[in-house]
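Participant: Here it is, the structure, as structure tokens.
The numbers here are math on the coordinates, done by the rules we state, and not lab data. Owing to the predicted nature of the structure, the values given are computational and were not obtained by experimental measurement. Glycine also receives a Cβ, built like all others from the backbone with ideal geometry; neighbour counts cover every protein chain displayed.
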Amino acid sequence: MRILVNRMRRAPAKGFTLIELLVVIAIIALLAGLILPVLAESRRRARITQCQSQLSQFHKGIVIWNDTHDRFSERYPDRLGTMYFEKIIPDARAFLCPLDPSLGHEGGKPPIAASQYPESDEGPGVNSLPTDHPYSSYLYEFNGAKCSWWSGGTSVSGVNVDTNGDGSVSWQEAKFYQQKYGDSFLYGSGYDGEYPRTWFPVVRCFWHAKLPDSNAEQEIMNVAMDGNFFPSGPKWELEAIKYVPK
Ligand SMILES: [Zn+2]
């Protein structure tokens, strides 16, 4: 017994063997492999929450803008950046999604397959925000820029789409028409009738894509006309149609 105790006391003085060290390193690597993805996902969730909070600020800002500019109803600011210049949203950092690695330099363009979404070419950060505040991660659906994808002309089925009479259709004008009359003129068999405000996006963030190779799996965060959040694919209309009561 006494001999055994002595041996046990002496043993630590030898230190770790190479094998023991390798086993410890392997265990640490295994734990890190388990924990790091969890940390990355929780960081992603936190960033999505911050983006939602910013989208919410935009919506509230638009409502405030609408209240303080006594024009005709349903009037929206021509630029998202207007709310920065009018000190409704005084912090320019609120225009950057924390998931946007370009820090707003690519504007409201989707991070992938941008050519498939020509509508985003006129999003904020591209040409809808003033040059001294050019950086934004968000696509503002109601911006005042000329709408390049609009194919209906200034008059559709007897409805004047060019409400400000400047001879062309802006995003804002096109969006009002789309919300009120639906998309059958754009998509043929698409939805024909008023889109619910809960499903009609005002500001969109394209920086939440999950699978780079699949458009269908893209998750885009939207804030709707009534302040509701909803995730959708790039073609939000297709999802909205599913939920519109017929
Ligand atoms: Zn975002």
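Participant: Please list, ordered by chain and number, the residues whose modelled amide H lies under 5 Å from the amide H of residue 170; skip anything fewer than 5 residues away on the same chain.
Facilitator: Close amide H contacts, sequence-distant or interchain: 147.
Participant: Of 146/242; 175/242; 175/235; 60/175, which pairs sit farther than 21 Å apart, going by alpha carbon to alpha carbon?
Facilitator: 146/242
Participant: Neighbouring Cβ atoms within 10 Å as the yardstick, rank 95, 16, 200, 230 fewest first.
Facilitator: Ranking 95, 16, 200, 230 by Cβ neighbours within 10 Å, fewest first, gives 16, 230, 200, 95.
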